[in-house]
Amino acid sequence: MRIKTLLLINAAFFIIIILLISLVISWAGQKENDAKEEKILADAILMDVNELRALAFDYSRHHEERIVVQWTIKLDELKKLIDKADFKTSRQKEILDSIHYNIDSVESSFSDFVTNNAIQTSRDTATYQQREDLLVSLLLLKTQMIVLDAFKLSEESNVIFNMASQSNRIIVIFSLILAAITISVSILIMRSIVQPLSRLYEGARIIGSGNLDYQVDIKSYDEINRLSNAFNQMTAKLKERTSHLESAIQEMEDFAYSASHDLRTPLRGIDGFSQAFLEDYGENLDETGRDYLNRVRAASQKMSDIIDGMLSLSSITRKKMQIQEVDLSGLAATIIRKLRINQPQRNVEFVIAQGLIATGDPQMLGIVLENLLGNAWKFTSRHQSARIEFGEKLADGKTAYFVRDDGAGFDMAYADKLFKPFERQHTEVEFPGIGIGLAIVKRIINRHRGKVWAEGEVEKGAIFYFTLNYL
Amino acid sequence: MSKELDLNKKILLVEDNLDDVALTMRALKKNKILNEVIVANDGVEALDYMFGTGKYIGRDLNDVPSVILLDLKLPRIDGLEVLRRIRADESTKMIPVVILTSSKEEHDLVEGYTLGCNSYIRKPIDFDRFLEAVNQLGMYWLLINEPPPLKKR
Ligand SMILES: Nc1ncnc2c1ncn2[C@@H]1O[C@H](COP(=O)(O)OP(=O)(O)O)[C@@H](O)[C@H]1O
Ligand SMILES: [Mg+2]
């Protein structure tokens, strides 16, 4: 089911429950109120009847006109109360009818009583007394019945009141259970969203780190499923595009490689035949002619170096990497030994941090150190003595390796250009070279997903940093 | 030196680039290697010569070159394939073959093959180095080493 529908259903369910609860509570409250009022009414009736009884009793003893007036007032009050009463159940109505009936008969009994009293003077006392006793007991009996009925009414209201509060309680508990169910359903829905989302996140991370073959596997039938399908499609497209780009780059790289490669053949001809010319016919030329031919040879030598540079640059891109642990300190020591053997007369102090272990392609990292240490060696060659340092330090929270020297340095304004192929800051007379070394370094560091940068100051020295990200 | 050379032994040069042919011939001459040089301009021609087919049909196969200078990049059949076929045949598999490579990559490529060839020269643009290499080649294969014994067909 779609998450949207699920959420809608859940929300509707919740609203219905809330409506239900409030309806039930107000209905039960109404019921309770009614029952309370009814009980008050029944109690009032009971009290009035009791008072009527007392008045009747009083009258039988004192026969005062004042009591008759009081009786009439009470009776009116009672009648009004009963007229006002609006009972709902049939049982209550029955009781009320009986009260009605009894009141009527009480009323007539009392009036009989009063009449009897009025005629008392003219009749004989014995009959009168006999009659009055009868009337009084009748009256008491009738009022007693009303009292009973009123009791019953009060009792009945009590029962209704209790029933209402009981059902109120039950319904509130039931609603609470329903609410708990809806809340759990909401939590389940949340889970069903959160879990696949975190798997998508995980997938995005894996793909982002370069594994374009990764597919997120989410089995559901909702929006998340659509999202993950789109996600997988996107990854497939990304993979397709990447391989397109890769093959385009590969083509360019192949072209650069074979072009450089094929340039060697004519160059071999230029150099070879200039030399043959010089050797076989040099005597027929004057000094200038021989100088020109020598320049042709020097130029072709230079071109050959450039081609070699291009080929080694392109071989970095073409080479397959073999990632393993590399002992950078050991590599540096070997390179330094070779430098010293080549130029034993130089006075250079090397400071190498021990135990620098990195992860990467050992051959490529060897080329990096060869170039950086070779440059440091070369660009300090015009100083009496020099100090070259290889070490590591933290840069932006990452380990950066560095090669520092106190040689010719360079102008920081051109710090970025250094890493471009065939860009140099020094003339070939000062320091020989073709300017491919740092470009190769940069390519290697790029392939290791690291960064390389340089700081320098003219005649103060230079420092080259690099980071590696194969961890 | 040159007196000791067996001038009857031929050199087979398999090379498509005519400049390289001329420069190689000059280098040989300069180093007093005066043996006859047979030039094959591609792999097919080289194999024809070796096995007496095509253009060389009916050639005396006992007349085996004492050394083969083999370029790698050749039209039609490339140098590695030529080498493989020469090594696969009983009558030619002992002939020394020197491979002329024109880059370090080519050198690595040849090393990857276990075809048991005998030497490589990286075709140097610096003619001095080339001379040195060819000189060494002449000394080594034509003077010091006895040519391998022939197996009659
Ligand atoms: N240690 C260094 N001190 C001063 N300048 C340097 C140093 N290393 C490199 N450079 C500058 O960067 C340029 C490019 O270096 P590189 O690519 O290695 O080429 P090359 O060594 O052939 O000159 C150099 O010509 C030089 O100007
Ligand atoms: Mg350099």
- Note on the structure: The pairs in A:Lys239/A:Lys319; B:Lys30/B:Lys55; A:Lys4/A:Lys237; B:Lys30/B:Lys93 lying past 24 Å Cα-Cα in this model are B:Lys30/B:Lys55; A:Lys4/A:Lys237; B:Lys30/B:Lys93
- Item | Nearest-10 value in Å² for the accessible area of A:Asp416, using the 1.4 Å probe | 130
- Query: Binned at 10 Å from 0, what are the whole-percent values of the Cα-Cα distance distribution for the range A:3-189, short to long?
  - Reply: 9, 27, 19, 14, 11, 8, 6, 4, 2, 0
- Item | Relative contact order (%) - criterion: Cα under 8 Å, at least six apart; region: chain A | 11
- Give me the distance between the Cα centres of the range A:142-214 and the range A:323-386, rounded to whole Å. 75
- Item | Pairwise centroid distance, computed over Cα atoms, of the range A:48-81 with the range A:402-471, Å | 123
- Task: Mind ranking A:Arg346, A:Arg131 by accessible surface for me, highest first, 1.4 Å probe?
- Result: A:Arg131, A:Arg346
- Find the percent of Cα-Cα distances in chain A that exceed 42 Å, and round it to a whole number. 60
- Do you know which residues of the range B:14-44 lose at least 50 square angstrom of accessible area in the protein assembly compared with their chain on its own, with a 1.4 angstrom probe? B:Leu23, B:Arg26
- What's the average, rounded to a whole number, of partner chain beta-carbon atoms within 10 Å of each residue's beta-carbon in A:258-271? 4
- Once you've got the Cα coordinates, tell me which of A:Lys31/A:Lys152; A:Lys302/A:Lys393; A:Lys338/A:Lys460 are over 30 Å apart. A:Lys302/A:Lys393
- For chain A, percent of DSSP beta bridges that are antiparallel (nearest 5) comes out at 80
- Quick P(r) readout (the range A:395-471; Cα-Cα; 5 Å bins; whole %) gives 3, 15, 23, 27, 18, 9, 4, 1, 0
- Query: Can you give the accessible area of A:His100, probe radius 1.4 Å, in Å² rounded to 10?
  - Reply: 70
- Note on the structure: Label model pair A:Phe431, A:Glu459: point-to-point distance (7 angstrom along the Cα→beta-carbon line) in nm is 1.6
- Can you grab the distance from the C-alpha centre of the range A:249-305 to the C-alpha centre of the range B:49-85, Å, no decimals? 30
- By average C-beta atoms within 10 angstrom, highest first, the peptides A:368-376, B:46-54: A:368-376, B:46-54
- Message: At R0 = 22 Å, how high is the FRET efficiency between A:Asn446 and A:Gln324 if r is their beta carbon distance? Nearest 0.05 is fine.
- Response: 0.70
- Query: Stokes-Einstein D for the range A:320-466 at 4 °C, 1.567 mPa s, Kirkwood Rh over Cα pairs, in µm²/s?
  - Reply: 84
- How big is the accessible area of A:Asp76 in square angstrom, nearest 10, if you roll a 1.4 angstrom probe over the protein chains? 80
- Over all pairs of distinct alpha carbons, what does the Kirkwood formula give as the hydrodynamic radius of the range A:278-407, in Å? 17.9
- Would you please state which residues of the range A:159-182 a label at A:Lys93 would reach in this model, taking the label point 7 Å out along Cα→Cβ and a backbone N cut-off of under 20 Å? A:159-161
- Note on the structure: Computed for A with B: buried accessible area summed over both chains, 1.4 Å probe, rounded to 100 Å², at 1700
- Message: Using square roots of five times the C-alpha gyration tensor eigenvalues, list the equivalent-ellipsoid semi-axes of the range A:205-295 in whole Å, biggest first.
- Response: 65, 9, 8
- Task: At 1.4 Å probe size, with every protein chain present, just tell me what the per residue accessible area of chain A comes to in Å².
- Result: 59
- Sulfur and carbon atoms: percent of accessible area, the protein assembly as shown [1.4 Å]: 57
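The values are calculated or read from the model by the stated rules, or taken from the named source; none is laboratory data. What you see is a predicted model; the values in this text were computed from it and never measured. Please note: Cβ atoms are built from the backbone with ideal geometry, for glycine as well, and neighbour counts cover all protein chains shown. Each accessible area value is taken on the protein alone, full model and side chains, heavy atoms only, with ligands, DNA and RNA left out. Shrake-Rupley method; radii C 1.70, N 1.55, O 1.52, S 1.80 Å.
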